[in-house]
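No lab work stands behind these numbers, since they all come straight from the coordinates. Computed from a predicted model, the values in this text were never measured in an experiment. Note that each Cβ is placed from the backbone with ideal geometry, even for glycine, and that neighbours are counted across all protein chains shown.
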């Protein structure tokens, strides 16, 4: 038994990119080599790849995303025909790729087993004979009578694996997604695959799971940009591959140290004198300059009087921003590294809040209901209540409804300006009161009038 | 996406400079695939049945919907347009039933032939199955539906005016001659429609026009202008080899010559197209 690929090369043409030049330097480690020839761009997915597998060989294929692993498997399975080189084997090759491929989603599990058997060239009788063992291995039981589209990906994987190993399993190719099964079934798979040694199967497995590869495979190839970079015993190669991946990850993590000197963060006004409890907050402007920090961007957060920290802005290292009217003495601004959350600078609005409460001002409070007039014989309608009591000094307001029988019910509690819709209960005589939530003092009232017929 | 070693202007950075499949090699591979596919009859019959059961899943009438809808259409059509056709209602009824029944097979063969690769994408990308299996699956499935239509045609033969004669039986090889064109037509159209997705729409448009240039709803004796155009329409002869024996107990020798010639040319062109495009289909999908 053998599976051989000799000097296999394969390239895809990219359409619709004429005249565009892409900078692929940044993604050098991903994907195949990009080339331009004539009017087209090409991706060389496989470049002069040769492998020679004999009975008992279980080959692990490792490499980054897009290094050519799946393409190689599909070439070995006969799905892609390479433009150069050739693939030969003396036994049928069966592959397990994407679970969405090679099944009929409307057909039942049993029916899919039948189709897979026919593809493998078995007769109906041979397939019928194999079904009990497949059914038992999948542990899917009554689900085999249901359409495949009702399966979870793990269940579909069970079926795919059982079928692939039951029919023409001499040479088996498996891509990544073996991880879809649960731990118990993964154990079963590994057991069956390691059992292949005795029965002299050939197995090619592409995966990112170093643990799985070490347990199942005995040889390995390392693909990079469509070429075989290294080959050898699986343990050595996976070690080296992992060591390199770790080194890359470390290199990416090392950063310029963040410096806190020279960073400025200013708020104006920076003092609020004579601020009384109940006064409305003020509008302000915050400026920052964190160019010396070495960061690309910064985050500004606000800590309110209650101590709660809220993100205010994520912006460039130099900038300014205006606030809405909520500046009060004691409000703190923090300038932070958006990645780590380190506080690089902070500033607090100075001043004290006198506990003596200022009287609420009612002059500029607006309060309205829409519709404000309607005929009395009409059914209740939906409406909207709008208010703006920001100048009153109340932090929180409350709106209550007085229904036609004179009963008062709280309707809304919240911000000193806004609007809210009602259900269909507006009718002439329904009234609303706008009150300071703290003292209960009525600031404004409005009611729906009866329209003159 | 496309494979680099394609037509002559595709002189990309071709690997190793070797054109993998020189013409002869491609032809022999294609021949091998076709013969292998015919032997895999269990598979394409199963896939075709799967298509049919998908289409009529959870219906009560199942595939007999084909009979029902075709019969209903014919009945209403004849009732509305049958009067004033110049011949008796029975004669016209049989004429339209046969013609329209045959046309519906032709029409579905063409449009399904276009989509052979696209609708089998799932298998082409996931399994190494010789592609002719998908053509055979399509033809098998469409022919099963066609046989339902033939039941309606058989029933319509009660309208037959002339007595039965042995010549009438020439209609049977006539029907069998319909098995071949979907295969080579699919082999020509499927790669085109896969590579250029506009082609499918263009073909559907053309088929609509062609329908009126084929003597199906009108009688050549009544519409001389259309009859002149229909003479240059191959489909006229395909209809003729079945309809003439049934209606007039005649053997249309000329029509048979045209049909056999068209099939012969079609098989050659279809096979060549298949061999030339086979390796690139997977990249076009």
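Nearest 0.05, what FRET efficiency do residue A:65 and residue A:242 give at R0 = 22 Å with Cβ-Cβ as r? In this case the efficiency is close to 0.90. Model label points for residue B:151 and residue A:48, set 7 angstrom from Cα along the Cα-to-Cβ axis, are 6.4 nm apart. Of all DSSP-defined beta bridges confined to chain A, some 80% are antiparallel rather than parallel.
For the segment B:126-133, counting C-beta atoms of other chains within 10 Å of every residue's C-beta and taking the mean gives 6.
Quick one: if the Förster radius is 30 Å, what FRET efficiency do residue A:100 and residue B:202 give, using the C-beta to C-beta distance and rounding to 0.05? Can you show the working numbers first?
Details: r = 30 Å, r/R0 = 1.01.
That gives a FRET efficiency of 0.50.
Please work out the Kirkwood hydrodynamic radius for region A:366-450, using every pair of different C-alpha atoms, and report it in angstroms with one decimal place. Mind showing how you got there, number by number?
On the way: mean 1/r = 0.0779 Å⁻¹.
So the Kirkwood estimate lands at 12.8 Å.
Rank these for me by crowding, B:103, A:387, going from fewest to most other beta carbons within 10 Å. The partial results should precede the final answer.
Details: B:103 21, A:387 24.
Going from least to most buried by this count: B:103, A:387.
Once Rg and the Kirkwood radius are both taken over the C-alpha atoms of region B:43-140, their ratio Rg/Rh works out to 1.13.
Measuring nothing but how far apart in sequence close Cα pairs (under 8 Å, 6+ apart) lie, relative to its length, chain B scores a relative contact order of 27 percent.
Using 1/(1 + (r/R0)^6) with R0 = 22 angstrom and r between the beta carbons of residue A:152 and residue A:190, what's the FRET efficiency to the nearest 0.05? For residue A:152 and residue A:190, the calculated efficiency is 0.60. Once divided by 2.2 N^0.38 Å, the Cα radius of gyration of region A:264-357 becomes 1.11. Global dimensions of chain A from alpha-carbon coordinates: Rg and Dmax equal 35.9, 99 Å. Taking every Cα-Cα distance in region A:100-234 and sorting them into 5 Å bins from zero, the calculated P(r) comes out as 2, 9, 19, 21, 20, 13, 9, 5, 2, 0 percent.
Averaged over residues, the count of other Cβ atoms within 10 Å places the peptides A:152-161, B:251-260 in the sequence A:152-161, B:251-260, highest first. Simple spin-label estimate for residue B:81 and residue B:169 gives 3.5 nm between the two label positions (7 Å along the Cα-to-Cβ direction from each Cα).
Arranged from highest to lowest average of other beta-carbon atoms within 10 Å per residue, in what order do the peptides A:68-75, B:64-71 appear? Intermediate values should be presented prior to the final figure.
Details: A:68-75: 23.9, B:64-71: 16.0.
Put in order of decreasing packing, that is A:68-75, B:64-71.
Evaluated at q = 0.09, 0.10, 0.12 Å⁻¹, a Debye calculation over the C-alpha positions of chain B (equal weights, vacuum) places log10 I(q)/I(0) at -0.50, -0.61, -0.84. Size descriptors for region A:36-194, from the alpha-carbon set: Rg then Dmax equal 17.2, 57 Å. When each of the peptides A:109-119, A:210-220 is scored by the mean number of other C-beta atoms lying within 10 Å of its residues, the order from highest to lowest reads A:109-119, A:210-220.
For chain A, the longest principal axis of the Cα atoms and the long axis of helix A:124-138 meet at an angle of about 50 degrees.
Summed over qualifying helices (DSSP H, 4 residues or more, each -39500 (n - 2.57)) and divided by its residue number, the protein assembly as shown shows a 222 nm mean residue ellipticity of -12500 deg cm²/dmol. Relative to the longest principal Cα axis of chain A, at what angle does helix A:153-166 sit, 0 to 90 degrees, rounded to 10? Here the helix axis deviates by roughly 0 degrees.
Under the Kirkwood approximation for Rh and a Cα-based Rg, what ratio Rg/Rh is obtained for region B:125-277? Reported Rg/Rh, Kirkwood definition of Rh: 1.00. Rounded to the nearest 10 degrees, the angle from helix B:253-277 to the longest Cα principal axis of chain B is 20 degrees. Computed over Cα pairs, the Kirkwood radius of region A:105-164 leads via Stokes-Einstein (0.692 mPa s, 37 °C) to a diffusion coefficient of 292 µm² per second.
So how much slack lies between residue A:438 and residue A:370, counting 0.36 nm per residue of separation and subtracting their Cα-Cα distance, in nm? Write down the numbers at each step before the final one.
Details: separation 68, 0.36 × 68 = 24.48 nm, distance 2.66 nm.
Extra length from residue A:438 to residue A:370 when fully extended: 21.8 nm.
Find, to one decimal place in angstroms, the Kirkwood hydrodynamic radius of region B:198-238, where the mean of 1/r is taken over every pair of different Cα atoms and then inverted.
Values: mean 1/r = 0.0931 Å⁻¹.
Averaging 1/r across every pair of different Cα atoms and inverting gives 10.7 Å.
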